[in-house]
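In what follows, a single structure is set out as structure tokens and then discussed.
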Amino acid sequence: MKITIIGSGYVGLTSGTCFAEVGHHVTCVDNNPEKIETLLKGEIPIYEPGLAELVQQNVAAGRLKFTTSTEEGVRDGEVIFIAVPTPPQPDGSVDLSFIEKVAREIAQCLKPELGYRVIVDKSTVPVKTGDKVKQTVRRYAPEGVEFGVVSNPEFLREGCAVDDLLNPDRIVIGSNDDKALGYMQKLYEPFVAPVLVTDINSAELIKHAANSFLALKISYINAVANICEAAGADVEKVAEGIGMDKRIGRQFLNAGLGYGGSCFPKDIKAFIAISETLGQPFGLLKEVERINADQMNHFLDKIREKLWVFREKKIALWGLAFKQNTDDVRESVAIKMARVMLGEGASIVAADPQAVGTAKRFGNLEGDISYADDMYAALDGADALVIATEWPQFATADLEEVAKRLRTPLVFDGRNLLDPEDVKAAKLEYYPIGRPAVAG
């Protein structure tokens, strides 16, 4: 099939590339000429494992192309995806101005002679957005144009998005139009996954409800972790015992510094705002947010307790990205902690396998901070090591080398990556989350 993706950011580029990989012909549109120029050179503006190679392969095969022209995209695509940003507003509600703008642009490019077009909301949007898209397209399109509107939420995890798209655990198609549904079913024929067909409103709610539930699991286990610390228990064992119940599952029961990134914080605020607009306040999610915010503060208090003050202390910070296998620092707990420590007079040497560049550009870090290319070099003369991102290379660090380079043998593990027995053998003083500390 011929597909157009309007918005070549993280979701749009990854989705378009994977659709091309299964045999569709894809046109990716973006209004940023520099981004399109970068993509035309075979480079990609984000780090996502495996994506760059797929982009290059599918461009070479003639199944993937890039343009700044919405008119070209509407002409070439039977199915037109809207994958533009939906940023939060100050009150937590979603800014839908980009969606509205693209819907108008699509409408103005539609022509009766092009034939039927399916317009798909791929961006995460509040319930009833599909109705607004349909209304907008109908208002601005020429007479005689035929189209359908569909909701097809994405369920991508940064760091493994390519696999999530090529091997999805479910495909959700929200449609009130049988003809549009037929196009979408044909589009997804190459994928082996359960397909859930719903009305548009239900599909739009699924994404917000799913992300909010996962965030709830994270906050729940972090609250349990604090109880474990007070009781001298091990949250890893508690989580294992909870997760063995098939009704609960082990995923997202990893105690740590809380959730971050571009999705969970935004989607939870949006779902709270949506529920209030509908007259059904969702107080539980406000508590999820509170626990998540408190988790970082609890960890910082633990560091203060041992260092006494941050002023004139050198901190080695391992991790800047909000999670492993990405260079994304949006809503990164590591970045937030760095701001606090810098604000209290610490000096920081930070290391991250992928996110140093994005942290420099977008982290808004002010103060005595520098960056090390090598994670061990960041340790030299430091008063403490703080582990903030769950990169696998941090988990397998040479702890003898860590102990040798640190000025004082303090390790604060915000992701519970290290084995307490290995830490003890290296004579390090170790403070994880929800687990007993290890004296050097």
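The residues of the stretch 405-440 that are in contact (Cβ under 8 Å) with a residue 24 or more places away in the chain, acidic (Asp, Glu) and out of contact with any Gly (no Cβ under 8 Å at 6 or more places or on another chain) amount to a single one, Asp413. Condition test on Ile80, is it touching a Gly at 6+ places or on another chain (Cβ under 9 Å), among the aliphatic types (A, V, I, L, M), in a helix (DSSP H, G or I) and closer than 25 Å to Pro126 by Cβ? For Ile80, the condition - touching a Gly at 6+ places or on another chain (Cβ under 9 Å), among the aliphatic types (A, V, I, L, M), in a helix (DSSP H, G or I) and closer than 25 Å to Pro126 by Cβ - is not met. In the stretch 290-323, what residues are aliphatic (A, V, I, L, M) and in a loop (DSSP other than H, G, I, E, B)? Correct list: Val309, Leu320, Ala321. Within the option set Val125, Val145, Val102, Val120, being under 18 Å from the mean Cα position of the chain (by Cα) and of a type outside the set (S, T, N, Q) holds for one residue only, Val125. Between Gly23, Gly42, Gly7, Gly62, the distinction of being outside the structural domain of Asp328 (by TED's automatic domain parsing), touching a Pro at 6+ places or on another chain (Cβ under 9 Å) and more than 23 Å from Val192 (Cβ to Cβ) belongs to Gly7 only. Of all the numbered requirements in (1) touching a helix residue (DSSP H, G or I) at 6+ places or on another chain (Cβ under 7 Å); (2) under 22 Å from Ala437 (Cβ atoms), Ala233 misses one, and that requirement is (1). For the stretch 163-189, filtering for residues that are among the polar types (S, T, N, Q) and either out of contact with any strand residue (DSSP E or B) (no Cβ under 8 Å at 6 or more places or on another chain) or assigned to a loop (DSSP other than H, G, I, E, B) (or both) leaves 2.
Yes or no, residue by residue, for (1) farther than 24 Å from Asp95 by Cβ; (2) in contact (Cβ under 8 Å) with a residue 60 or more places away in the chain; (3) assigned to a loop (DSSP other than H, G, I, E, B):
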| site | (1), (2), (3) |
| --- | --- |
| Tyr47 | yes, yes, yes |
| Gln57 | yes, no, no |
| Lys65 | yes, no, no |
| Val84 | no, yes, yes |
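Can you confirm whether the stretch 235-250 contains a residue that is within 24 Å of the chain's Cα centre (by Cα) and under 30 Å from Val84 (Cβ atoms)? Checking the stretch 235-250: not a single residue is within 24 Å of the chain's Cα centre (by Cα) and under 30 Å from Val84 (Cβ atoms). When Ala338 is tested against the conditions (1) part of a helix (DSSP H, G or I); (2) under 20 Å from Phe264 (Cα atoms); (3) in contact with a helix residue (DSSP H, G or I) (Cβ under 9 Å, 6 or more places away or on another chain), the lone failure is (2). Which ones in the stretch 213-245 are among the hydroxyl-bearing types (Ser, Thr, Tyr) and surrounded by fewer than 22 Cβ atoms within 10 Å (Cβ to Cβ)? Selection gives Tyr220 alone. Taken as a whole, the condition of being hydrophobic (A, V, I, L, M, F, W, C), in contact with a Gly (Cβ under 9 Å, 6 or more places away or on another chain), touching a residue at least 60 places away in the same chain (Cβ under 8 Å) and not in a loop (DSSP other than H, G, I, E, B) applies to Val224. Among the conditions (1) free of Cβ contacts under 8 Å to residues at least 12 places away in the same chain; (2) in a loop (DSSP other than H, G, I, E, B); (3) more than 25 Å from Ala210 (Cβ to Cβ), Val145 misses just one, which is (1).
Quick one: is Lys132 modelled with pLDDT of 95 or more, in a helix (DSSP H, G or I) and more than 16 Å from Val102 (Cβ to Cβ)? No; evaluated as a whole, the condition is false for this residue. Counting only helices (runs of 4 or more DSSP H) that sit completely within the stretch 351-440, those holding 3 or more residues that are farther than 30 Å from Glu48 by Cβ and not aliphatic (A, V, I, L, M) correspond to 399-405, 420-425. Among residues of the stretch 91-112 that are without any contact (Cβ under 8 Å) to a residue 40 or more places away in the chain, those with a beta-carbon under 6 Å from a residue that is charged (D, E, K, R) at least six positions away or on a different chain give the pairs Cys109/Glu71.
Screening Leu156, Leu196, Leu205 for residues that are among the aliphatic types (A, V, I, L, M) and loosely packed, with under 14 Cβ neighbours inside 10 Å leaves exactly one candidate, Leu196.
The values are calculated or read from the model by the stated rules, or taken from the named source; none is laboratory data. Nothing here was measured: the structure is a model prediction, and the numbers come from that model. Neighbour counts are summed over all protein chains in view; Cβ atoms, including those assigned to glycine, are modelled from backbone coordinates with ideal geometry.
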